[in-house]
């Protein structure tokens, strides 16, 4: 799944002449990572209020460990030199890849606002 997301990000951030990846790729990865962190933090904090009557230190520690894994794993995955670019993403136009990139980035934030609205 992560390989597909990174391939879409790379495809949307390539120059149409020589297919070089730009710095926007790293910005997309960081923006997507933080949107998922915000989504997971809000969901876990809402879950904490539903499960426990008072704040629970062990649950908050688990939330911190989840955040650390969410931050570290994608950054390590992006900077490894053995990155495998999916050829199925090559079929997408740059406009389609841009649309899919924005959908990947902003969908957790939209779901988070829906959860906050109805809970």
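For the range 89-111, which positions are out of contact with any strand residue (DSSP E or B) (no Cβ under 9 Å at 6 or more places or on another chain) and touching a residue at least 60 places away in the same chain (Cβ under 8 Å)?
Keep residues of the range 89-111 that are out of contact with any strand residue (DSSP E or B) (no Cβ under 9 Å at 6 or more places or on another chain), which gives 89-93, 95-96, 98-111.
Answer for the range 89-111, where residues must be out of contact with any strand residue (DSSP E or B) (no Cβ under 9 Å at 6 or more places or on another chain) and touching a residue at least 60 places away in the same chain (Cβ under 8 Å): 89, 90, 92, 98, 100, 101, 104, 105, 106, 108, 109, 111.
Could you grab me the full set of residues in the range 85-115 that are surrounded by fewer than 11 Cβ atoms within 10 Å (Cβ to Cβ) and closer than 20 Å to residue 38 by Cα?
Within the range 85-115, just 114 meets the criteria.
Determine if the range 42-64 includes at least one residue that is within 27 Å of residue 24 (Cβ to Cβ), modelled with pLDDT of 75 or more and not in a loop (DSSP other than H, G, I, E, B).
Yes.
Can you name the number of the only condition in (1) modelled with pLDDT under 80; (2) surrounded by 13 or more Cβ atoms within 10 Å (Cβ to Cβ); (3) under 19 Å from residue 11 (Cα atoms) that residue 82 fails?
Among (1) modelled with pLDDT under 80; (2) surrounded by 13 or more Cβ atoms within 10 Å (Cβ to Cβ); (3) under 19 Å from residue 11 (Cα atoms), the lone unmet condition for residue 82 is (2).
Please indicate, with yes or no, whether at least one residue in the range 66-74 is closer than 18 Å to residue 23 by Cβ, in a helix (DSSP H, G or I) and modelled with pLDDT under 80. Break it down stepwise before answering.
Let us first name the residues in the range 66-74 that are closer than 18 Å to residue 23 by Cβ, namely 74.
So of that shortlist, the ones also in a helix (DSSP H, G or I) come out as 74.
Add one more test, that the residue is modelled with pLDDT under 80, and what stays is 74.
Yes, the range 66-74 contains at least one residue that is closer than 18 Å to residue 23 by Cβ, in a helix (DSSP H, G or I) and modelled with pLDDT under 80.
The values are calculated or read from the model by the stated rules, or taken from the named source; none is laboratory data. Predicted model, so just to flag it, every value in this text is computed and none were measured. Reconstructed Cβ throughout: ideal geometry from the backbone, glycine too, with neighbour counts over all protein chains shown.
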